[in-house]
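To keep things clear, I will list the structure first and then write my remarks on it.
The values are calculated or read from the model by the stated rules, or taken from the named source; none is laboratory data. As the structure is a prediction and not an experimental result, all values here were calculated from the model. Note that each Cβ is placed from the backbone with ideal geometry, even for glycine, and that neighbours are counted across all protein chains shown.
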Amino acid sequence: MTSTRPTTGAKINVSDRPARERVLDAYIDLLLDSGERAATLEAVAERAEVSKGGLLYHFASKSDLERGLLERLDALMDEDVHSLEGTALETVENFLRTSNNAGTPLDRALLATVRLAQGSEAAQQALHDVNQRWLTLLRNTVHDEDLARTILLISDGIYYGSALSQVPAAQQLAPTQRDMESAIVVVRQLMQATEG
């Protein structure tokens, strides 16, 4: 689930969120829409509809913005891992089904972190940590290293396929509900085979 997924670039309504969150939302928008170079403090302040002084109150530098993004990613991962907990089958099914969720706050934070990772060791480490957290969840759920890695790879494929739904010319390649159900059936069979 750590492969990059295109996003629609949908913006969050800035007026409904506290200034700090609006600044992070704007930073993510700019990273996704235009890349790291375009995400200047001035551009972030303008997109967030705050003064530059208001931005600097929360984030004194671009490094602080990056740190804020990585903290948000970590918090979203906490929520994601917690939301997946259940029986072994429920956890795996939820994990696979949520692999198809493009445009969510977690997805957007992941994609923005991927953009930063091109020149940031901290962002690279954060992406590694995301992958390891999902792998650990799966490993602790299915109690089989190879099966956990296989489920993660299937999830990556679903995630990549869902990205195609954002590209008009490739929408027919995106996973369908039937594809998702078929993948879950196959994973159930793999889980049963490793139990016996």
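Side notes on the structure shown:
- Just one of the numbered conditions (1) part of a helix (DSSP H, G or I); (2) under 26 Å from HIS82 (Cα atoms); (3) among the small types (Gly, Ala, Ser) is not true of GLY103: (1).
- Residue check for ASP107: touching a residue at least 60 places away in the same chain (Cβ under 8 Å), surrounded by 18 or more Cβ atoms within 10 Å (Cβ to Cβ) and under 25 Å from GLY157 (Cα atoms): yes
- For segment 34-84, a residue qualifies if it is over 15 Å from the mean Cα position of the chain (by Cα), in contact (Cβ under 8 Å) with a residue 40 or more places away in the chain and surrounded by fewer than 20 Cβ atoms within 10 Å (Cβ to Cβ), and the qualifying residues are GLY35, GLU36, ARG67, GLY68.
- Filtered residue count, segment 57-79, keeping only those that are in a helix (DSSP H, G or I), hydrophobic (A, V, I, L, M, F, W, C) and closer than 16 Å to GLU21 by Cβ: 6
- Every residue from segment 181-196 that is modelled with pLDDT under 90 and either assigned to a helix (DSSP H, G or I) or in contact with a strand residue (DSSP E or B) (Cβ under 9 Å, 6 or more places away or on another chain) (or both): THR194, GLU195
- The residue that is surrounded by the most Cβ atoms within 10 Å (Cβ to Cβ), counting only those in segment 1-33 that are modelled with pLDDT under 90 and not in a loop (DSSP other than H, G, I, E, B), is VAL14.
- Counted residues, segment 148-185 - those being over 23 Å from LEU127 (Cβ atoms), free of Cβ contacts under 8 Å to residues at least 60 places away in the same chain and crowded, with 18+ Cβ neighbours inside 10 Å: 1
- You will find that of ARG108, ARG115, ARG97, the residue that is basic (Lys, Arg) and more than 14 Å from ASP80 (Cβ to Cβ) is ARG115 and no other.
- Note on segment 125-176: residues that are in a helix (DSSP H, G or I), among the β-branched types (Val, Ile, Thr) and either more than 24 Å from ASP78 (Cα to Cα) or over 14 Å from the mean Cα position of the chain (by Cα) (or both) amount to 6.
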